[in-house]
Amino acid sequence: SAVVLLCFSVISCSKHSSGPNPGSGANSIFPLVQGSVWYYADSAFSDSTVTAAYLDTMTVTKNVYQDQTGTVYLELNDQYGWFDGSYISVDPSNDAIYEVDSPYFQPYTFFAVAQQDGQVIGTGSDFTNPACPLYTTQYGWLTPATIGSYTNCLRNVEYTVDCNNNPQEEIDSYVQQGVGVVRIVHYLPDSTSGPLFVDYSQTLQTATIK
């Protein structure tokens, strides 16, 4: 992804090995088939003021990565978007999307299908600053959300606070079965380290799924 995420301990779903094309099939939550194309509109912000807006095209490449558990990930070509340098795998149960990012290649759960609204998907911590670690919780929602013409999107939220419970980051992800990632919204503190503001968004306009 466009940022380095924390490593999560997954609570609601377990990771399984999968084949070289784990996201194939019309009902996949992320149909990873060569020839599929996703067309996004991206925006960059400063304290929620738009500073850049541009179109972004994402495709699936032939490059793969296999982790120590045998799970195979397919590389996404998203040079100007969130998934630049990302490799994706879909759990065979179709209830989770896993990701590794070049050059770190540390597997983590990007998205998981919740069983109820507000369900805790996983938690993580970052002790880069031992004096004040960061703590992240990933939540999932089952009630469908509408993003543009996509009316059946599921939602995950990764919310990070510091040792004083001050918000540090939020990532909202929307996924629709048979389509993949419909929207990503990234929030960071404003320029004075105040409340969270939109920092980046990537919203699907249309997609050609093979």
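The values are calculated or read from the model by the stated rules, or taken from the named source; none is laboratory data. The shown structure was predicted, so the numbers you read here are calculated from the model rather than taken from an experiment. Neighbour counts are summed over all protein chains in view; Cβ atoms, including those assigned to glycine, are modelled from backbone coordinates with ideal geometry. Just so you know, the surface numbers come from the protein's heavy atoms only, side chains and all, with ligands and any DNA or RNA stripped out. Shrake-Rupley method; radii C 1.70, N 1.55, O 1.52, S 1.80 Å.
Results, tabulated for the structure shown:
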{"quantity": "Among 165, 77, 152: highest mean-square fluctuation, GNM of the chain, C-alpha pairs under 10 Å", "calculated": "165"}
{"quantity": "Mean Cβ neighbour count within 10 Å, used as a protection proxy, ranking 88-94, 34-40 highest first", "calculated": "88-94, 34-40"}
{"quantity": "In region 98-164, chymotrypsin sites (Phe, Trp or Tyr not before Pro) in a DSSP loop with at most 15 other beta-carbon atoms within 10 Å", "calculated": "104, 105, 127"}
{"quantity": "Calculated Cα Rg over 2.2 N^0.38 Å (choose from (i) 0.98; (ii) 1.07; (iii) 1.19), label", "calculated": "(i)"}
{"quantity": "Contact order relative to length of region 26-174, as percent, for alpha carbon pairs under 8 angstrom and 6 or more apart", "calculated": "12"}
{"quantity": "From phi via Karplus (6.51, -1.76, 1.60), per-residue ³J(HN,Hα) for region 81-90 in Hz, x at Gly/Pro", "calculated": "x, 4, 9, 4, x, 9, 10, 10, 9, 9"}
{"quantity": "Table column - 3J(HN,Hα) (Hz), region 160-171, Karplus curve with 6.51, -1.76, 1.60, x for Gly and Pro", "calculated": "10, 10, 8, 5, 9, 6, 7, x, 10, 6, 9, 10"}
{"quantity": "Of all accessible heavy-atom area on region 62-171, the percent that carbon and sulfur account for (1.4 Å)", "calculated": "47"}
{"quantity": "For residue 168, distant residues with modelled amide H under 5 Å away", "calculated": "160, 161, 162"}
{"quantity": "Backbone HN-Hα couplings from phi across region 55-63 [Karplus 6.51/-1.76/1.60, Hz, Gly and Pro as x]", "calculated": "8, 9, 10, 10, 9, 9, 9, 8, 7"}
{"quantity": "Accessible area of the chain divided out per residue, in Å², using a probe of 1.4 angstrom", "calculated": "46"}
{"quantity": "In Å², nearest 10: area of residue 84 left accessible to a 1.4 Å probe", "calculated": "80"}
{"quantity": "Pair residue 33, residue 165: separation of 7 Å Cα→Cβ label points (nm)", "calculated": "4.8"}
{"quantity": "Residue with peak Gaussian network fluctuation, the chain [Cα springs, cutoff 10 Å], from 44, 26, 131", "calculated": "131"}
{"quantity": "Percentage relative contact order, region 148-210, counting C-alpha pairs under 8 Å, at least six apart", "calculated": "25"}
{"quantity": "Distance (nanometres) between label positions extended 7 Å along Cα→Cβ at residue 95 and residue 123", "calculated": "2.1"}
